[in-house]
Amino acid sequence: MTTTTITTKSVRIEFGGGLELLFANQKSHKVDLPGTMVDGKPTNVHDLILWLRDNLLKEREELFLDKNTVRPGILVLINDTDWELEGEGDYVVQNNDEIVFISTLHGG
Amino acid sequence: MTTTTITTKSVRIEFGGGLELLFANQKSHKVDLPGTMVDGKPTNVHDLILWLRDNLLKEREELFLDKNTVRPGILVLINDTDWELEGEGDYVVQNNDEIVFISTLHGG
Amino acid sequence: MTLSLSLGEYQRYGRQMILSGFGLQGQIKLKQSSVVVVGAGGLGCPALQYLAAAGVGTLGIVDHDVVESSNLQRQILHTEDRLGVSKVASAATAIRGINSNVKVDAYQEMISPSNAVGILESYDVILDCTDNPATRYLLSDAAVLLRKPLVSGAAQRYDGQLCVYNLGEDGPCYRCLFPKAPEPGLASSCEETGILGAVTGVIGNLQALEAIKIITGLHDGTTALLLYSALSHSPFRSIRVRKKQVNCTVCGTGGSAALDVVNTDYIAFCGGPTRDWVKTGQ
Amino acid sequence: MTLSLSLGEYQRYGRQMILSGFGLQGQIKLKQSSVVVVGAGGLGCPALQYLAAAGVGTLGIVDHDVVESSNLQRQILHTEDRLGVSKVASAATAIRGINSNVKVDAYQEMISPSNAVGILESYDVILDCTDNPATRYLLSDAAVLLRKPLVSGAAQRYDGQLCVYNLGEDGPCYRCLFPKAPEPGLASSCEETGILGAVTGVIGNLQALEAIKIITGLHDGTTALLLYSALSHSPFRSIRVRKKQVNCTVCGTGGSAALDVVNTDYIAFCGGPTRDWVKTGQ
Ligand SMILES: [Zn+2]
Ligand SMILES: [Zn+2]
C-alpha cells in the first residue's frame, strides 16, 4: 500500500518598480506552489521563478527572465531580505514566505 | 510525582514618540514574560503593561501609566495593529509578539 | 467649472497626467479642488509646495504668525528676506512663484473654535499642520462636523506620524483614537524637544500626497497610521487602526448632533494653556 | 575651519541643536561639510532645500539643463520666472533665499567620465539625483574610487527607491547589487512612465536626511534599501541588502585598482544611448 501526499506551499508574491505590468498589473499575488519538483527536490526560488513564468506571467518574458534567472536590474527579496543573503536561487521556499521581485528605478 | 513546567513568552517591545526616554532611552527591548500570572491565567497585554512598570520603567511612572493602563495619548500596537482591534488589555500575549507603545506627537 | 485644460497646462502637468489612474480626469479634479492647510510651518511648507506644484486649484493657508530666524531651519517656503513678514503672506509669495495658476486664500489668524468652521467649510480637504493638542482636537471636531477628510501630520525630534482621519463612511476621527487629551506638559512642543527639519519635510510631503490621492480617487479609502523614525534601520511602520467608534463623543452614534465646536473650550479640555512654541519661540 | 557658531547661527539652528545626539558638534560638522548633488530635478530640488536649511557649509550642484515648464510639477526650487534659466543657477538662487550662509558651487555641465572625479572629489558626500542607468553606474564607480558615500535616490510613477552605497568599510556599491546593466529600453525614464511630483519629494527629502545623518554621525552605518510605493496601504519597506561583494568588478578585491572611470564607456555598458528625458522633455 502506498500513500501519496500532495503538499503545496502557500507563498505571497509581490511585484514592484513596474514589474507588476507584466503580471496583469497586479502587485500582490497569493500562489500555491508544489512542495517538491518532479525530481523530488523541495521547491526553491529558482523553481519559483520558472513557475511564475509558466503560470503567472502575462507578457514579454524577456522583461522578467534572462537565461533562466531574473534579468539584470531585478532584485529578489525573501522576507524583506536581499536573496543574496539567503542563497539566491537555491533558497528552499517555505510555507508563508513573502517573495518580492522589484525592478530598479532610474528616474528622478 | 508532580511536574512543574515554567513557561515564558519572549516578546519584543518597542517604545516610540518619546516614550523611550522613560525606558533608559532604549527604543527596542527583548523581554521574557511569565507565561501565566499568579492566578493561573495566561499573560495578557494588561499584565504586560504592569510588568513593564515593575521591571523596565526607569522613571516618571505617570508619563506611562494612568489608573493601571497606559495614559491618554499612548497608542498600543500589537504586531502592527491597533490594540483596539485585538481586544486591548485582554489580548493574550503570544510568543514572539511585537508590542509597540507609542506616544502621539503634536509638533509641527 | 473648467472641464478642459489649456495647452500650457498639458505641458506643465504632462508627467503626472500620463500616470495610470491619474490622467486628464485626475488633473481636472485637482484643478477644481481646494485644500486648506492649517499651519504654515515645518509641515505646512512642504505640503503647500507640492500641492501647488501638482495644480490644486485653491489653497487656503491659516497661520497667525510671522517668519522668524528659528523657522528657516525647516520652514522651507520662508526666506531670509521675508523675516518678519506674516507666514501666510510669505507662503503665498512662494506658491505664486511655483504656480501662478493656484488661487491662494491667506488667513492671518489663529484657528479657533469661533472661526474654524467658517474658514474650513469651503475646502474639500483639511491638512492639520499645527503643533499643539488643543488645535488638533478642534480640527478633528470641525472636520467631523463638516464631513471632510483631515490629513493629520506631526513631527518631533527625529520622529513623525501621519494619519488621515474622518475618511469615508467608517474612518475614525482623532477622538476615536485618542478620546482623552494627554496631560498638559506631556504634550511637548518643537521648541522644547527639538526637530530635524527634514523630518517635517518628509511628513508634510506625505500629507500633500495623501491629499492628492484623496482628490484624484487614488486613495484606497482605508485608514492607516504611518509612524516614522528617521534614525531607525527600518524607519517606517504602517499600522492598521480601529474604525469609527460607536461610542466616540463626536463622530459616534449621536455624537455629531451634539457637536458644538464654537462652545468647546479646547484649551481647558487639554488641561490648560499649553506652551505655544511658535509664539514664544526664538 | 570654524569651530564655533555666531549668535545668529544659534538662533537659526537651535531647534536641531537641542536634539539628542546632534548638539553644537553636529551643527559644526554640518557647517564644515560639503555635499554635491548631481541632478537639480525632482530629487535634487528637495534634497538641496533641506541640506541648505540644515546648514551644510558647501553645496555643489551639477546639472546641464535649463528650467522648462514640464519641470515645475515636481522640481520645486524652480519658478515660473526662471523658465529658461539654467537649473543650477535657478537652484542656487533658491538656496541663497533660504540660507545665504551656504556656499554654492554651480556646475552647469553634464556629469561624464571625463569630469566626474574632478567635480566630485572635493565633497564629503555625493547625492545621486539623476535619471538614467549610465550616470548611476558612473557615480557609483567614482564614489568607490574617491571612497565617499553615495546617497542614491530614484523615482518613477508612484514608486521610489533609496539606498546609501559605498558606506563604511563593508557597504556595497551599486555594482555589487546590480553587476549587469539592464537592457536599454527597459530602463524607462520619467517622460515615458510619468512621475508624481510628491513622490520625488519624499525620496529627495530622505536623501537629504541620509546625508545629514552621515555627516553628523547619526547614521548607524548599515546599508538598507528603502522601497516606497505611494499607493500601497503599507507604502514603505526596508530591505536588508548584501555587503560589499568580493567579486565586484569595481569595489571587490582588486577591483578598485583596476577602476578607470575616465576610460569607461558607460553608455555602451548600458547598451547604447538611453533616452534623455531632461533633454528631449517638454
Ligand atoms: Zn470619532
Ligand atoms: Zn561593488
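C:Asp260 meets all of the listed conditions (1) closer than 29 Å to D:Glu210 by Cβ; (2) free of Cβ contacts under 8 Å to residues at least 60 places away in the same chain; (3) more than 7 Å from every other protein chain (Cβ to nearest Cβ) but one, namely (1). Got at least one residue in segment A:58-79 being open to solvent by 50 Å² or more (accessible area, probe 1.4 Å), more than 10 Å from chain D (Cβ to nearest Cβ) and under 20 Å from A:Lys30 (Cα atoms)? Looking through segment A:58-79, at least one residue is open to solvent by 50 Å² or more (accessible area, probe 1.4 Å), more than 10 Å from chain D (Cβ to nearest Cβ) and under 20 Å from A:Lys30 (Cα atoms).
Only one of the numbered conditions (1) out of contact with any Pro (no Cβ under 6 Å at 6 or more places or on another chain); (2) crowded, with 24+ Cβ neighbours inside 10 Å is violated by D:Gly201, and that is (1). Among the residues of segment D:42-55, none qualifies, meaning not one is within 14 Å of chain C (Cβ to nearest Cβ) and over 26 Å from C:Leu206 (Cβ atoms). Name every residue in segment A:83-108 that is out of contact with any Pro (no Cβ under 9 Å at 6 or more places or on another chain) and outside any loop (DSSP other than H, G, I, E, B), in order of residue number. A:Trp83, A:Glu84, A:Leu85, A:Glu86, A:Glu88, A:Gly89, A:Asp90, A:Glu98, A:Ile99, A:Val100, A:Phe101, A:Ile102, listed by residue number. A single entry from D:Lys148, D:Lys103 fulfils the requirement of being surrounded by 18 or more Cβ atoms within 10 Å (Cβ to Cβ), of a type in the set (Lys, Arg), away from ligand 1 (no atom under 16 Å from the Cβ) and more than 13 Å from every other protein chain (Cβ to nearest Cβ): D:Lys148.
Quick one: count up the residues across segment B:57-91 that are over 13 Å from the mean Cα position of the chain (by Cα), modelled with pLDDT under 95 and β-branched (Val, Ile, Thr). The number of residues fulfilling the criteria is 0.
Table: residues versus (1) within 16 Å of ligand 2 (Cβ to nearest atom); (2) β-branched (Val, Ile, Thr).
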residue	(1), (2)
D:Ile95	no, yes
D:Asn99	no, no
D:Lys103	no, no
D:Tyr107	no, no
D:Ser114	no, no
D:Ile119	no, yes
D:Asp128	yes, no
D:Asp131	no, no
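When B:Asp82 is tested against the conditions (1) out of contact with any helix residue (DSSP H, G or I) (no Cβ under 7 Å at 6 or more places or on another chain); (2) more than 9 Å from chain C (Cβ to nearest Cβ); (3) charged (D, E, K, R), the lone failure is (2). Within segment C:214-234, the set of residues being open to solvent by less than 30 Å² (accessible area, probe 1.4 Å) and either more than 7 Å from every other protein chain (Cβ to nearest Cβ) or assigned to a strand (DSSP E or B) (or both) comprises C:Ile215, C:Thr216, C:Thr223, C:Ala224, C:Leu225, C:Leu226, C:Leu227, C:Tyr228, C:Ser229. Residue by residue through segment B:19-53, note down the ones that are open to solvent by 30 Å² or more (accessible area, probe 1.4 Å) and hydroxyl-bearing (Ser, Thr, Tyr). Once the filter is applied, which keeps residues that are open to solvent by 30 Å² or more (accessible area, probe 1.4 Å) and hydroxyl-bearing (Ser, Thr, Tyr), segment B:19-53 yields B:Ser28, B:Thr36.
The values are calculated or read from the model by the stated rules, or taken from the named source; none is laboratory data. Everything numeric here is computed off the predicted structure, so don't read it as measured data. Because the Cβ atoms are built from the backbone with ideal geometry, glycine has one as well, and the counts that use them run over all protein chains shown. All accessible areas refer to the heavy atoms of the entire protein, side chains included, with ligands and DNA or RNA removed. Shrake-Rupley method; radii C 1.70, N 1.55, O 1.52, S 1.80 Å.
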